[in-house]
Amino acid sequence: MQKHRNKMQKSAGRIIGELSRAASIYFKSEFRKYSIGHAQIVTLLHISRHEGITQKELAKELNLDKSSITSQLCILEKNGYIIRLTDQKDARIHQIMITDKSRELLVPLKNIFSSWSRILLDGFSEEEKEEAFRLLEKMRENSRARLKHIKAQQ
């Protein structure tokens, strides 16, 4: 029983899940005043870095299904954070742009994300921070490779 308990305590997935839930609670608290959730913020920040992106490209880059991205974009549009412009060459394609309201929020939103990183890395030496990022990047690469494999099988 003790061996099983030690293995559970050393589960990377369990720790990552716990960190994800903690981040969700933190961001929900911080973003409440903007009337949008964490998922919409991530989408909004991605759009701000890739203005003119299409809904299809956005879904692919954020690894979200069509209905999830549609839902997020509807919330962002309803709250005045984005507009969708019809492509002049193909009316079925809509380019997504951020509004002035979004531009005003970019710095505060980025500061909230930065503050979460500072909280997570509090007490780490520079070497530990570098090693943590190196290991997290490796985990991300592993997860992307697995997701690519899964998608190829579908």
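The values are calculated or read from the model by the stated rules, or taken from the named source; none is laboratory data. Predicted, not measured: the structure shown is a model, and the values here were computed from it. Please note: Cβ atoms are built from the backbone with ideal geometry, for glycine as well, and neighbour counts cover all protein chains shown.
Considering Ile112, Ile150, Ile75, Ile93, the condition of being at pLDDT below 95, over 30 Å from Arg32 (Cα atoms) and surrounded by 14 or more Cβ atoms within 10 Å (Cβ to Cβ) is satisfied by Ile93 alone. Of the helices (runs of 4 or more DSSP H) contained entirely in the range 30-91, those carrying at least 2 residues that are of a type in the set (Ser, Thr, Tyr) fall at 38-49, 66-78.
When the range 119-133 is filtered for residues that are part of a helix (DSSP H, G or I) and either surrounded by 10 or more Cβ atoms within 10 Å (Cβ to Cβ) or of a type in the set (Gly, Ala, Ser) (or both), the ones remaining, listed by number, are Ile119, Leu120, Glu128, Lys129, Glu130, Glu131, Ala132, Phe133. Within the set of pairs 6+ apart or on separate chains, which have a first residue in the range 8-31 that is in contact (Cβ under 8 Å) with a residue 40 or more places away in the chain, a second that is loosely packed, with under 11 Cβ neighbours inside 10 Å and part of a helix (DSSP H, G or I), and C-beta atoms under 6 Å apart? Qualifying pairs under 6 Å: none. Listed by first and then second residue, the pairs linking a residue in the range 37-54 that is farther than 12 Å from Ile83 by Cα to a residue that is among the basic types (Lys, Arg) and part of a helix (DSSP H, G or I), with Cβ atoms under 7 Å apart and 6 or more places separating them unless they lie on different chains, are Gly37/Lys28; His38/Lys28.
From the residues in the range 30-53 that are of a type in the set (Ser, Thr, Tyr) and modelled with pLDDT of 90 or more, which one is nearest to Ser102 (Cα to Cα)? Taking the candidates together, the pick is Ser48.
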